[in-house]
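Report on the structure given below.
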Amino acid sequence: MTRHITITLEKRGVSCRAALLDAEAPRTCAAVWDALPQGSSAYHAKYARNEVYTLVPPFADPAIGLENPTITPIPGDVVYFGFEAWQIGNPAYGYDEGSEAHSDQGATDLAIFYGRNNLLINGDAGWVPGNVFATIVEGLPEMAEAAQDLWLRGVEGETLTFTRDE
């Protein structure tokens, strides 16, 4: 039976439902599922294009590594990234001082992609592959509209949460 998660932009009151890809990314799905609920400040990507994400403390032990990786996510992809502190804490990225981006343990990035033509490359680090662990099956148009609003009007005060849909 397929497991599902709900992903919500809390301030905007918009949610979508995603099916876990247990067959394609079993380690990632297990780690994420076991760690839910998760959520924190929402961010809109600068480099990847049509991406909204949150940074939370690392929860995978041992580290997952690459599994069902991509550098070209498509609309509806839900992607896991595990970052070491040196990979994400660059002051030029503009994260608030208290953000998980500045943690000594690094950060887990949970992201959704809502539009086409995404490319996971960072000018400082090069290619940034992530693990596709779920696909949005309900609510993508509404989430895309809310994500575009984040881009146009800002992310301040917005929270992105991931919860089990049981």
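Quick notes on this structure:
- Per-residue ellipticity at 222 nm from helix content only, as computed over the chain with -39500 (n - 2.57) for each DSSP H run of at least four residues, stands at -5000 deg cm²/dmol.
- Comparing Gly65, His44, Gly98 along the charge dipole axis of the chain, the residue lying farthest to the positive side is His44, per the Cβ-charge model.
- Sequentially through segment 69-75, phi angles give Karplus couplings (6.51, -1.76, 1.60; θ = phi - 60°) of x, 8, 10, 10, x, 10, x Hz, Gly and Pro residues having no value and appearing as x.
- Cut-off under 5 Å, modelled amide H: who pairs with Ala42 long-range: Glu158, Thr159, Leu160
- Here segment 1-132 is treated with +1 on each Lys and Arg Cβ and -1 on each Asp and Glu Cβ, and its dipole about the Cα centre works out to around 580 debye.
- Among Ala107, Ala30, Gly139 - extreme Cα towards positive end, dipole of the chain, charges at beta-carbon: Gly139
- Residues with amide H under 5 Å from that of Glu138, placed H, sequence gap 5 or more: Arg17
- Label reach from Ala35 (point 7 Å along Cα→C-beta): in segment 152-166, amide nitrogens under 17 Å belong to 160-165.
- In this rough spin-label picture, where each label sits 7 Å from Cα along the Cβ direction, the Leu66-Val128 distance is 1.6 nm.
- Taking percent of Cα pairs over 28 Å apart as calculated from this structure, the corresponding entry among (1) 12; (2) 20; (3) 16 is (1).
- At q = 0.22, 0.23, 0.27 Å⁻¹, base-10 log of I(q)/I(0) for segment 82-157 (Debye sum, equal scatterers on each alpha carbon): -1.28, -1.31, -1.31
Every number in this text was worked out from the coordinates using simple rules, so none of it is lab data. Remember, it's a predicted structure, so these values are computed and weren't measured experimentally. Every residue, glycine among them, receives a Cβ derived from its backbone with ideal geometry; neighbour counts consider all protein chains shown.
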